[in-house]
1. So how much accessible area does Glu47 have, in Å² to the nearest 10, using a 1.4 Å probe?
2. How large, in percent, is the carbon and sulfur part of the accessible surface of region 14-68 at a probe radius of 1.4 Å?
3. Which whole-Hz ³J(HN,Hα) couplings does region 27-42 yield from phi under the Karplus relation 6.51 cos²θ - 1.76 cosθ + 1.60, θ = phi - 60°, glycine and proline marked x?
4. Using the charge dipole of region 32-83 (Lys, Arg: +1 at Cβ; Asp, Glu: -1 at Cβ; taken about the Cα centre), state which of Thr37, Leu78, Gly64 has its Cα farthest towards the positive end.
Amino acid sequence: MKVNKQFPAHQKGMKYFADAETNRVADYIQKLGIKYTCMARVTGIPEGILRRSLIKRERSLRAGEFLAVCQFLEREPLDFARDTGQTGA
């Protein structure tokens, strides 16, 4: 499997895993019960990409996707960039 060095994801064996920020966003979205179809429609990010990143956690959100999701959630990107334990505040 070819590794894309431009968008690194944590790799364990041959399977990719999302980065910490993507995981924090995914946990926050799951906690709120937000529908991915609505998020896809508003952000313009394909629903399949959101599902792979935020449900299956097979890939990390790209920078533009991360910013669009933060804007949709009305949260600052730094809320998810570091683990303060207050992501749900």
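The values are calculated or read from the model by the stated rules, or taken from the named source; none is laboratory data. Keep in mind it's a predicted model, so treat the numbers as computed, not measured. All Cβ positions, even for glycine, are placed from backbone atoms using ideal geometry, and neighbour counts span all protein chains on display. Side chains are part of the model used for accessible areas, which takes the heavy atoms of the whole protein and leaves out ligands, DNA and RNA. Shrake-Rupley method; radii C 1.70, N 1.55, O 1.52, S 1.80 Å.
1. 60
2. On the way: 1730 of 3030 Å².
That share works out to 57 percent.
3. Each residue's phi maps through the Karplus curve to give 5, 5, 5, 5, 4, 7, x, 6, 7, 5, 5, 5, 4, 5, 5, 6 Hz.
4. Thr37
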